[in-house]
1. Express the relative contact order of chain A as a whole percentage, based on alpha carbon pairs under 8 Å and six or more residues apart in sequence.
2. Work from the charge dipole of segment B:79-206 (Cβ charges, +1 for Lys and Arg, -1 for Asp and Glu, about the Cα centre) and give the residue of B:134, B:79, B:201 farthest towards its positive end.
3. Tell me, what is the FRET efficiency for residue B:68 and residue A:216 to the nearest 0.05, using R0 = 45 angstrom and their Cβ-Cβ distance as r?
4. Answer with one residue from A:26, A:88, A:165: the one whose Cα lies farthest towards the positive end of the charge dipole of chain A, charges on Cβ with Lys, Arg +1 and Asp, Glu -1.
5. What is the P(r) of segment A:2-221, as percent of Cα-Cα pairs per 5 Å bin from 0?
6. Can you sort B:166, A:3 so the residue with the fewest Cβ neighbours within 10 Å comes first?
7. Once you charge only the Cβ atoms, +1 for Lys and Arg and -1 for Asp and Glu, what is the size of the charge dipole of the protein assembly as shown about its Cα centre, to the nearest 20 debye?
8. Each label point is 7 Å from the Cα along the Cα-to-Cβ direction; what then is the distance between the points at residue A:126 and residue A:31, in nm?
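Taken together, the values in this text are just the output of simple stated rules run on the coordinates, not laboratory data. These numbers come from a predicted model, not from an experiment. Note that each Cβ is placed from the backbone with ideal geometry, even for glycine, and that neighbours are counted across all protein chains shown.
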Amino acid sequence: MKEVILKYIPNVLDNRIELMQSIGETIAMVSISGIISLVLGIIIGVFLVVTKEGNILENNIFNNIMGKIINFFRSIPFIILIGALIPLTRLIVGSAIGTKGAIVPLVFGTVPFFSRQIETALMEVDKGVIEAAQAMGSSPLDIIFRVYLREGLPGIIRGITITLISLIGLSAMAGAIGGGGLGDFAIRYGYQRFQIDITYVTIIIILIFVSIIQGLGNLVLKKIER
Amino acid sequence: MIEIIGVTKVFDNGKNKVKAIQDVSLNINKGEIYGIIGYSGAGKSTLIRCINLLERPTTGKIVFKGEDLTALREKDLRSRRKKIGMIFQHFNLFNSRNVYKNVAYPLRGSKLSKEEEKKRVLELLELVGLKDKVMAYPSELSGGQKQRVAIARALANNPEVLLCDEATSALDPKTTNSILELLRELKNKLNLTIVLITHEMSVIKQICDRVSVMEGGQIIEEGTVAQIFSQPIHETTKEFIDTTTNRGKIYEILNKEENIFNIKEEDVLARVAYIGESTTEALLSKGSRKYRIDASILYGNIEILGETPIGEMIILFSGERENIQSFINYFREKGLIVEVIDHEGSNSKVYTKCS
Ligand SMILES: Nc1ncnc2c1ncn2[C@@H]1O[C@H](COP(=O)(O)OP(=O)(O)O)[C@@H](O)[C@H]1O
Ligand SMILES: [Mg+2]
């Protein structure tokens, strides 16, 4: 076993402590920014839907502005967004580097995408069902929590899965710039020192992460879908 | 119970305006089943949705139990809506909830304990005949069963009015009948007032007391179902009435090239009609034996309007000419209306429609 590892991935073995640390950093970045993004994205997504024309809290001005802001952030390439957000990042978390510094740009990079995912998921909820709830005397708050978020759950789970997977990608980029995480690890060793085995191992680890998220998503969907 | 007063609804999307309802006024009495019939696009859904203000009228008032709903604040309107149940063409059940949870949905906030809620839900499911499906999900139910769940859900808060927007239009005829029967039964049991819209005259015929015919956003004719059936005025109304019988069809078939009923030259074809109770069938077999005539019914129809049955048949008599004549006279003596339909042999197309 040891010989095989030494033969094929010698550099990984040499840097295994740092590899473990990078994995931890990636998990930290993805879960913290993930949780913040999910909460913000669901709130914004719900607002995007309920303020649409003809919907329960119709508000064209709000809806328009919200849509424009989201499109604005979505159109900025993430690598540029990271740079542009440095002052804000410093202001919020006190530092623009390291795992901590990555959280702010990750949230900004993820929330617009995730909000749209939520919007799509909630738009799939049958309009007739919303009407039935209205006819039964449900309040807008009732309709949001008891109808939209519940009936739209399969779509929301799908959105969460896709978003977390893309967040792993973004976290590698953010880490590479600010330092920390698997992306940073792969760049420093695999790319800059030509230790290609490190790059491959990193890919495999990320692949495992993605599979776990996808698998969990599918599992939950199977449980709730009717 | 419900007064629709001068309601107009204009849909305005900035570019063009659609006048879906034009100055409609209606009174719906307590305890009646009121039907609104019209072709697709006539404005029926918009009108019924105006009643519980799912659609806010552009002008006009909706008065429910003496109170103008259009003047209420949102919160008060919501509490009134609990007294106006609604069911839909596509059932609109919560797919993520099982039957129990669907029916329990509107009970939230009604201050029932868990036990009381359970009792109420089971009671409602009993009422619609679905007690064995408590744990099923909508995707596991047939259309008729889904509509029963929807009815139970709509009745959860003891509404006084039930609005039905094409509630049977997605169902097959047999299921349609069972749902209509259920509605009638519930109306009597719970003292409901029902407003239903449909594009099928058969639905109106089956359960409505009064009916409005709608076209182009307006009510073009209104009356009791018997009135509308016996004396339709508007062309559209007549069209709707024709859809409930196959009379036109039978003449079409008779005039076709091939002689599918195998009518012979010496046979006699007649339209036999009766009003009120009749023993036509008994007379038919009795007369057939007595005069040694084969009598086959090519077409038969009974309308029951209010309490009065109106029956109509097209009968093919074969046998001796004189005997047929005696048979017909016998029918006439017994009070049936008999009109002989002209024909000249099996291949000619001279069956004339008699009115
Ligand atoms: N939300 C809406 N926006 C614009 N036009 C509408 C809307 N709802 C209905 N209409 C129009 O109003 C008319 C009546 O529609 P509807 O009430 O659904 O008719 P029906 O139920 O009799 O088929 C149609 O011309 C339809 O296109
Ligand atoms: Mg309609």
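1. Numbers: 255 pairs, mean separation 59.9, N = 226.
The normalised contact order for chain A reaches 27 percent.
2. B:79
3. Working: r = 53 Å, r/R0 = 1.19.
My answer for the efficiency is 0.25.
4. Value computed over the given set: A:26.
5. For segment A:2-221, the binned pair fractions read 1, 7, 13, 15, 15, 13, 11, 9, 6, 4, 3, 2, 1, 0, 0 percent.
6. Details: B:166 21, A:3 7.
Taking fewest neighbouring Cβ atoms as first place, the list is A:3, B:166.
7. Values: 69 positive and 63 negative charges, 502 e Å.
That gives a dipole near 2400 debye.
8. 3.9
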